[in-house]
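Before any comments, here is the structure.
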Amino acid sequence: MASSNEEHWNAMLNRLASRDGSVEMSRGVSNDQSAVVMYRSRVFKVMQDGCIIVEIPRQALQDKAFRVGDDLDLTIMVNNQRMVATCTLHEAFSYNVNPTLKVTCYRLSSGRRPKREQRRSFYRVSVAAMALKPTKLSCEIEHGQRFLCEGRLSNIGAGGIGVSIRAARTILNQIKRTRHFDCSVWLSEEHNINVPVRVAHISALGDDGLYLGLQFAIEDAVQAKQLEQRIQQRCTEVQRMQLQRRRA
C-alpha cells in the first residue's frame with residue numbers, strides 16, 4: 001500500500017508531466033567540500049511501470065553529470081509544495097514529444113523514498129528587478145592566489161542570498177569546486193555587507209551561467225544575529241517599496 005508521501009509524489013509528478021512541467025535533477029554528495037549542482041529539466045511522461053521521461057539538460061550533458069546506472073535526486077514543485085525522491089538513470093534515448101519534435105531524454109526509474117523538501121528557515125525577497133551593484137565573491141586558491149568573480153543579486157533573506165553568475169566556463173568550473181566564499185553585497189547606499197558564505201546549492205542557468213544559493217556562515221552568534229536582524233529590516237523595506245510600486 002502506497003504511503004501518503006508516495007501518493008502525493010505521484011499526483012504532483014503526473015500533474016507536471018501533463019503540461020511538460022519543470023523538474024530539477026542533482027547528485028547527492030557525501031562530503032561537505034562539494035556543492036550540489038542542480039539541473040533544470042522538463043518531465044514529459046510517467047510510464048505505466050512508473051518510469052519517468054525527462055529531457056536531458058544541455059549543461060548536464062556538457063558537465064557529464066550523470067551516467068547510466070547513477071542514482072540521482074529528482075525535485076518537483078507544484079505551487080509552493082516541493083518534494084524530492086531518488087531515481088536511477090536507466091538509459092538516454094531519443095523521445096518523440098509530438099509528431100514533429102524529437103528530443104534526447106533520460107528514462108529514470110520511479111521515485112524512491114519521496115519526501116517533502118524542507119523549506120528555508122527565512123523568507124526570501126526577490127531583488128532581481130532592482131538596480132544594484134554587482135555582488136562580489138572571492139576566495140583563496142592555490143599558491144596564495146585569490147579567485148574573484150561578480151554576480152547579480154537575485155534574492156535576499158535573513159539566512160542568506162541568491163546570486164546569478166554569467167561567466168566563462170573556467171570561472172564557472174572554479175565556482176563549482178568551491179564551497180566557501182567571502183561575499184561583498186551591495187543592497188543600497190546604507191546597506192553594504194561583507195560576510196563569509198557557504199554554498200548551499202547550485203543550479204545551472206543555460207550554457208554560461210550558475211545560480212548560487214548562499215548561506216551566511218558567521219561563527220560568532222552575536223554577529224550572526226545582528227546580520228539576521230539587519231537583513232530582515234532590509235527585506236521589509238524592499239517589500240514595502242514593491243507594494244507601493246504595485247499600488248501606483
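Accessible surface of the chain, 1.4 Å probe: 46 percent of it comes from carbon and sulfur atoms. Computed over the Cα atoms of the stretch 33-175, pair by distinct pair, the Kirkwood hydrodynamic radius stands at 18.2 angstrom. Relative to its Kirkwood radius, the Cα radius of gyration of the stretch 120-248 gives an Rg/Rh of 0.98. Distance between the C-alpha centres of the stretch 202-216 and the stretch 150-169: 7 Å, rounded to the whole angstrom.
Placing Ser184, Ser110 in order of accessible area, with the largest value first and a 1.4 Å probe, yields Ser110, Ser184. 3J(HN,Hα) along the stretch 161-169: 9, x, 10, 9, 10, 10, 6, 5, 4 Hz, from the Karplus curve 6.51 cos²θ - 1.76 cosθ + 1.60 with θ = phi - 60°, whole Hz, x for Gly and Pro.
Sequence gap at least 6, Cα distance under 8 Å: using those rules, report the relative contact order of the chain to the nearest whole percent. Can you show the working numbers first?
Details: 486 pairs, mean separation 38.8, N = 248.
Relative contact order here is 16 percent.
Starting from the Cα gyration tensor of the chain, multiply each eigenvalue by 5, take the square root, and state the resulting semi-axes largest first in whole Å. Walk me through the numbers on the way to the answer.
Numbers: eigenvalues 238, 97, 63 Å².
Equivalent ellipsoid of the chain: 34, 22, 18 Å, largest first.
If each Cα of the stretch 86-164 is one equal point scatterer, what is log10 of I(q)/I(0) from the Debye formula at q = 0.19 Å⁻¹? Calculated log10 I(q)/I(0) at the listed q: -0.87.
Could you order Trp9, Trp186 by accessible surface area, starting with the largest, using a probe radius of 1.4 Å? Intermediate values should be presented prior to the final figure.
Working: Trp9 5, Trp186 45 Å².
Ranking Trp9, Trp186 by accessible area, largest first, yields Trp186, Trp9.
A helix-only calculation puts the chain at -7500 deg cm²/dmol for mean residue ellipticity at 222 nm, using -39500 (n - 2.57) for each DSSP H run of at least four residues, averaged over all residues. The lysines within cross-link reach of Lys102, meaning a Cα-to-Cα straight distance under 18 Å and a gap of 8 or more places when in the same chain, are Lys45. Bridging of Lys136 to lysines at a Cα separation below 20 Å is possible for Lys176, once same-chain residues fewer than 8 apart are set aside.
The values are calculated or read from the model by the stated rules, or taken from the named source; none is laboratory data. The structure displayed is predicted, hence computed values, not measured ones. With ligands, DNA and RNA removed, areas are computed over all heavy atoms of the protein, side chains included. Shrake-Rupley method; radii C 1.70, N 1.55, O 1.52, S 1.80 Å.
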